[in-house]
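What follows is calculated from the coordinates using simple rules that are stated; it is not laboratory data. Since this is a predicted model, take the numbers as computed values, not measurements. Cβ: placed from backbone, ideal geometry, glycine included. Neighbour counts: every protein chain shown.
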Amino acid sequence: MRIILLGPPGAGKGTQAESIRRRWNIAYISTGDILRANVKTGTELGRSAKDYMAAGKLVPDEVIIAMMELRLQEPDAESGFLLDGFPRTVGQAEALDALLSRLGLKLDVVVELEVPDDVVVRRLSSRRVCRQCGEIYNTTAKPAKHGDVCDKCSGEVIQRDDDTEEVIRERLAVFHDQTAPLIEYYRDKGALLKVDATGAKDAVVELLEGSFGR
Ligand code: AMP
């Protein structure tokens, strides 16, 4: 199974992805996670992405496309993959199409997670994340039990630099401007499945069961 999760920041892509990955046992590929890991270890890729990320802007297409061409050809992606945060521009979607056709592969479905902007701002400004294992918390809905100490690994629970209100608004503007056109792009290809992402955690898995159960 090959899936793309599309939606604004804070739509719950990471959470839905976790349930899908567990259900179908496919590679979970998040461009945001890959970039953050590179920023943390100070690689050349990380250094070139850092300022864009801190400002809530997109990293240039050529950087992302080169990174994903390599990632999608790693062995764990052979049994299928779930893309979170890629593609984010029409240029990236066209590059992905070209790569898949070169590899003789097809996408099964593009899931669009719908969520209003005010819900995004509320969710992201209260989001916290473990610096070490990536576990996600929320200051109101799911606080860590012991302040800023992760329940799972005892790592430090922090607010991402780009989860401040000013940067969230910039990320939303970038989404509406550059990523929302992908909804049209995939609708025209007949691959789009729309899901209300304000509700249940396993909503996407339940919908996909119908078509991809097995
Ligand atoms: P995310 O965790 O998906 O919200 O991504 C965090 C940040 O990483 C974004 O705000 C961008 O700066 C950068 N980023 C992630 N994926 C992409 C992509 N496909 N194209 C360009 N920039 C990206």
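From the Cα gyration tensor of region 162-208, with a ≥ b ≥ c the square roots of its eigenvalues, which class applies: rounded if a/c is under 1.5, or else prolate if a/b is larger than b/c, or else oblate? Cα axes put region 162-208 in the oblate bin. Rg and Dmax, both from the Cα atoms of region 120-179 and both in Å, are 12.8, 39. Take the alpha carbon gyration tensor of the chain, find the square roots of its eigenvalues, order them as a ≥ b ≥ c, and report rounded if a/c is under 1.5; if not, report prolate when a/b exceeds b/c, else oblate. Taking the square roots of the gyration eigenvalues as a ≥ b ≥ c, the chain is rounded.
Give the total of Lys-Lys pairs in the chain with Cα-Cα distances below 15 Å; include a pair only if its members are 8 or more places apart or on different chains.
6
Between Gly12, Gly199, Gly46, the GNM of the chain built on Cα springs shorter than 10 angstrom shows Gly199 fluctuating the most.
Segment Lys189..Asp161, full-extension length gain: 6.5 nm, with 0.36 nm per residue of separation and the alpha-carbon distance subtracted. Please say if region 129-214 is rounded, prolate or oblate, where rounded means a/c under 1.5 for a ≥ b ≥ c the square roots of the C-alpha gyration tensor eigenvalues, and otherwise the choice is prolate for a/b larger than b/c and oblate otherwise? Here region 129-214 falls in the oblate category.
Just how large is the dipole of the chain about the Cα centre, in debye to the nearest 20, putting +1 at every Lys and Arg Cβ and -1 at every Asp and Glu Cβ?
The dipole of the chain has a size of about 520 debye.
If you add up the charges near Glu112, with Lys and Arg at +1 and Asp and Glu at -1, over every other residue whose beta carbon is less than 9 angstrom from its beta carbon, what do you get? Net charge in that neighbourhood comes out at +1. In this rough spin-label picture, where each label sits 7 Å from Cα along the Cβ direction, the Glu78-Val63 distance is 3.2 nm.
The label point for His146 and the one for Arg169, both projected 7 Å from the Cα toward the Cβ, are 3.8 nm apart. Length gained on full extension, Ser125 to Asn138: 3.8 nm, using 0.36 nm per residue less the C-alpha separation.
Please list, in order, the residues from region 120-162 whose amide nitrogen is less than 12 Å from a point placed 7 Å along the Cα→Cβ vector of Ala54. Answer for region 120-162: 161-162. Size descriptor for region 22-149, Kirkwood hydrodynamic radius: 16.8 Å (Cα pairs only, one decimal). Expressed to the nearest 5 percent, the antiparallel share of DSSP beta bridges inside the chain is 30 percent.
Take the alpha carbon atoms of region 28-69, find their center, do the same for region 155-169, and report the distance between the two centers in whole angstrom. Centre-to-centre (Cα) distance: 17 Å.
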